[in-house]
């Protein structure tokens, strides 16, 4: 038996859950919460059996709930087995305290500071070639953050050739930092929390550093450069602006971004930067003019930059974010109208079939369901952002759509035994087959890319917490619980007993020699089984192929979108 908890701890009035991971035949009879300092039992209860989860190894799970324990302190969970001769099992110590989880935002900021592009890479990026440029131009794109533990390249997005898989990368982190800072400003104004002002300042400092990079990533024509890419070599002579395809890293000269390929969310981040408390390398006016120029360019040329020549759901929500933030900053009607059109297009994608109700279609034909390894919460968040500024006659329609989408997320998560409340999804594989699943489809349009989904958990936790402030009361509490359990999973309450925020908790994952995991970074996380899509894996030792360079990055490598989403989700905590 093993007791799985959030290694860091819980807010006093948050839902609190622990999971007992057992083998067949193990039957825990009772549990207690014990004060770590005094050894006194402060809470008792009976574990509830959840049985098995899909084909997750040979594990059987039991749930213990101690949400009514609110007293601050340090505790352990003690589980008493049915065999009286067997010693009780104890969890790691954990804490109950106000703002406990929020304090981890500082860890993330130190991580981003360490990820800043520097040394020979930053020097190279001040005079970087563009792949196959007819005029042999070079551009200054210094700044930004290294993308991952094993990748010193810099991305707005990649996987463009797969059409439905584009992740938002550097610009997501900038956007998230600005929104996290504003959320903490609101909380500080309400409660004057000690130390929050300093954290807010650090968030703005790092966000503006990222915004400066986004300005440099715009071509004079108005298009944004998609990637600064070295084919995973860390060789400065191979570093250049390009698009690339597949795990072979084949370069192409199609570097211009559509909304989904990085432009939309870069524009949104720059429009927010124009409302920041101060300038940095560039002025707030430059941030705004860069955003407007980029928006006008991609609205005209964006579809031609899409690899399949047409926009899809990712363009809709990224463009909605861009237009909404530009409207907030400028109050120009044209941006409101563009946002309203994108919101209408996004809501029209809500679909149903014999398997699921109120899922989102990614394409126009409805053949491809929307599921995303890192940004699954963005449709809801983009609608909520527009709802805040929408005219009264549009607010009710948007809220109704948000409630339908939230209800879908809860239903699909609850439809099977799932003691962790791990967010499930309605996937379509590369052959067009649909099924509900815990994890991202490994057989997908990219041909190779699947990895742990901690960014997806952070995005859905952010969406749930933001939506909980608007939905009907009976849904509000469930969304807050769902979001908290996403954070619990990342901070240790997962079947592998791993705190995925490096430097906190226990059993932190290490990537590999030469590519150390950085304190404050969040690793990729768990995936479907390497050999069985209904199983679960994290750094499997078998088969040997899973430990090769083509695969080992999938679980323990750190990637900046995980951290970008984590801070927003944590800042939005409603307890």
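The values are calculated or read from the model by the stated rules, or taken from the named source; none is laboratory data. Just so it is clear, the model here is predicted, and its values are computed rather than measured. Glycine also receives a Cβ, built like all others from the backbone with ideal geometry; neighbour counts cover every protein chain displayed.
Go over the candidates 46, 63, 38, 52 one by one and state the one that is closer than 20 Å to residue 484 by Cα and at pLDDT 95 or above. Even if it seems obvious, please write down each step before you answer.
Numbers: 46 fails: closer than 20 Å to residue 484 by Cα; 38 fails: closer than 20 Å to residue 484 by Cα; 52 fails: closer than 20 Å to residue 484 by Cα.
It is 63.
Could you say whether any residue in the range 514-529 is in a helix (DSSP H, G or I), modelled with pLDDT of 95 or more, in the same structural domain as residue 450 (by TED's automatic domain parsing) and in contact with a strand residue (DSSP E or B) (Cβ under 8 Å, 6 or more places away or on another chain)?
The answer is no, given that none of the residues of the range 514-529 is in a helix (DSSP H, G or I), modelled with pLDDT of 95 or more, in the same structural domain as residue 450 (by TED's automatic domain parsing) and in contact with a strand residue (DSSP E or B) (Cβ under 8 Å, 6 or more places away or on another chain).
Can you find a residue in the range 92-105 that is within 30 Å of residue 26 (Cα to Cα), surrounded by fewer than 21 Cβ atoms within 10 Å (Cβ to Cβ) and touching a strand residue (DSSP E or B) at 6+ places or on another chain (Cβ under 7 Å)?
Step one: of the range 92-105, the residues within 30 Å of residue 26 (Cα to Cα) are 92-96.
Narrowing the set further to residues that are surrounded by fewer than 21 Cβ atoms within 10 Å (Cβ to Cβ) leaves 92-93, 95.
This time we only want the ones that are touching a strand residue (DSSP E or B) at 6+ places or on another chain (Cβ under 7 Å), so: 93, 95.
Checked the range 92-105: at least one residue is within 30 Å of residue 26 (Cα to Cα), surrounded by fewer than 21 Cβ atoms within 10 Å (Cβ to Cβ) and touching a strand residue (DSSP E or B) at 6+ places or on another chain (Cβ under 7 Å).
Anything in the range 245-265 that is in a loop (DSSP other than H, G, I, E, B), touching a residue at least 40 places away in the same chain (Cβ under 8 Å) and under 18 Å from residue 445 (Cβ atoms)? List them, or say none.
First, pick out the residues of the range 245-265 that are in a loop (DSSP other than H, G, I, E, B): 246-249, 253-255, 257-258.
Then keep just the ones that are touching a residue at least 40 places away in the same chain (Cβ under 8 Å); that gives 246-247, 253-255, 257-258.
Answer for the range 245-265, where residues must be in a loop (DSSP other than H, G, I, E, B), touching a residue at least 40 places away in the same chain (Cβ under 8 Å) and under 18 Å from residue 445 (Cβ atoms): 246, 247, 254, 258.
Do we have any residue at all in the range 355-377 that's modelled with pLDDT of 95 or more, in a helix (DSSP H, G or I) and surrounded by fewer than 21 Cβ atoms within 10 Å (Cβ to Cβ)?
no
If you go through the range 539-550, how many residues are surrounded by 12 or more Cβ atoms within 10 Å (Cβ to Cβ), modelled with pLDDT under 95 and outside any helix (DSSP H, G or I)?
0
Could you please let me know if residue 441 is more than 23 Å from residue 4 (Cα to Cα), touching a residue at least 24 places away in the same chain (Cβ under 8 Å) and not in a helix (DSSP H, G or I)?
Numbers: more than 23 Å from residue 4 (Cα to Cα): yes; touching a residue at least 24 places away in the same chain (Cβ under 8 Å): yes; not in a helix (DSSP H, G or I): yes.
Answer is yes for this residue.
Scanning the range 166-214 for residues that are in a loop (DSSP other than H, G, I, E, B) and at pLDDT 95 or above, which turns out nearest to residue 263 (Cα to Cα)? Steps first, please.
Step one: of the range 166-214, the residues in a loop (DSSP other than H, G, I, E, B) are 166-169, 192-195.
In the following step, the residues that additionally are at pLDDT 95 or above were identified as 166-169.
Details: 166: 12, 167: 12, 168: 10, 169: 11 Å.
The qualifying residue nearest to residue 263 (Cα to Cα) is 168.
For residue 438, work out the one condition from (1) touching a strand residue (DSSP E or B) at 6+ places or on another chain (Cβ under 6 Å); (2) more than 20 Å from residue 183 (Cβ to Cβ); (3) surrounded by 24 or more Cβ atoms within 10 Å (Cβ to Cβ) it doesn't fulfil.
Looking at each condition in turn, residue 438 falls short on (1).
What's the number of the condition residue 88 fails, among (1) more than 29 Å from residue 565 (Cβ to Cβ); (2) exposed (fewer than 13 other Cβ atoms within 10 Å of the Cβ); (3) free of Cβ contacts under 8 Å to residues at least 12 places away in the same chain?
For residue 88, the failing item is (2).
Residues checked against (1) farther than 30 Å from residue 198 by Cα; (2) free of Cβ contacts under 8 Å to residues at least 24 places away in the same chain; (3) within 24 Å of the chain's Cα centre (by Cα); (4) part of a helix (DSSP H, G or I):
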{"residue": "277", "(1), (2), (3), (4)": "no, no, no, no"}
{"residue": "296", "(1), (2), (3), (4)": "yes, no, no, yes"}
{"residue": "307", "(1), (2), (3), (4)": "yes, no, no, no"}
{"residue": "316", "(1), (2), (3), (4)": "yes, no, yes, yes"}
{"residue": "340", "(1), (2), (3), (4)": "yes, no, no, yes"}
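Can you work out which of the residues in the range 11-39 that are closer than 14 Å to residue 71 by Cα and in contact with a strand residue (DSSP E or B) (Cβ under 7 Å, 6 or more places away or on another chain) is surrounded by the most Cβ atoms within 10 Å (Cβ to Cβ)?
16
Somewhere in the range 483-499, is a residue more than 29 Å from residue 94 (Cβ to Cβ) and either in contact with a strand residue (DSSP E or B) (Cβ under 7 Å, 6 or more places away or on another chain) or not in a helix (DSSP H, G or I) (or both)?
No, the range 483-499 has no match at all.
Among the residues in the range 459-470, are any over 27 Å from residue 180 (Cβ atoms) and either free of Cβ contacts under 8 Å to residues at least 12 places away in the same chain or assigned to a helix (DSSP H, G or I) (or both)? First the steps, then the outcome.
First, the residues of the range 459-470 that are over 27 Å from residue 180 (Cβ atoms): none.
Within the range 459-470 (the criterion being over 27 Å from residue 180 (Cβ atoms) and either free of Cβ contacts under 8 Å to residues at least 12 places away in the same chain or assigned to a helix (DSSP H, G or I) (or both)), the answer is no, since none of the residues qualifies.
Condition check ((1) touching a residue at least 12 places away in the same chain (Cβ under 8 Å); (2) touching a strand residue (DSSP E or B) at 6+ places or on another chain (Cβ under 7 Å); (3) within 27 Å of residue 57 (Cα to Cα)) across all residues:
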| residue | (1), (2), (3) |
| --- | --- |
| 544 | no, no, yes |
| 550 | yes, no, yes |
| 554 | yes, yes, yes |
| 570 | yes, no, no |
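State whether the residues of the range 142-149 include one that is within 20 Å of the chain's Cα centre (by Cα) and outside any loop (DSSP other than H, G, I, E, B).
yes
Quick grid of which residues meet (1) surrounded by fewer than 16 Cβ atoms within 10 Å (Cβ to Cβ); (2) in contact with a helix residue (DSSP H, G or I) (Cβ under 8 Å, 6 or more places away or on another chain):
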site	(1), (2)
110	no, no
120	yes, yes
126	yes, no
133	yes, no
141	no, yes
145	no, yes
153	no, no
164	no, yes
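Given the conditions (1) at pLDDT 95 or above; (2) surrounded by fewer than 21 Cβ atoms within 10 Å (Cβ to Cβ), report the number of the one that residue 81 does not fulfil.
(1) is the only condition that residue 81 fails.
Scan the range 379-394 and tell me whether some residue there is in a helix (DSSP H, G or I), surrounded by fewer than 19 Cβ atoms within 10 Å (Cβ to Cβ), in the same structural domain as residue 265 (by TED's automatic domain parsing) and without any contact (Cβ under 8 Å) to a residue 12 or more places away in the chain.
Scanning the range 379-394 turns up at least one residue that is in a helix (DSSP H, G or I), surrounded by fewer than 19 Cβ atoms within 10 Å (Cβ to Cβ), in the same structural domain as residue 265 (by TED's automatic domain parsing) and without any contact (Cβ under 8 Å) to a residue 12 or more places away in the chain.
Condition check: under 25 Å from residue 172 (Cα atoms) and buried (at least 17 other Cβ atoms within 10 Å of the Cβ). Does residue 348 satisfy that?
So residue 348 fails the test.
From the set of residues in the range 216-233 that are touching a residue at least 40 places away in the same chain (Cβ under 8 Å) and in a loop (DSSP other than H, G, I, E, B), which is surrounded by the fewest Cβ atoms within 10 Å (Cβ to Cβ)?
Among those residues, the one meeting the criterion is 221.
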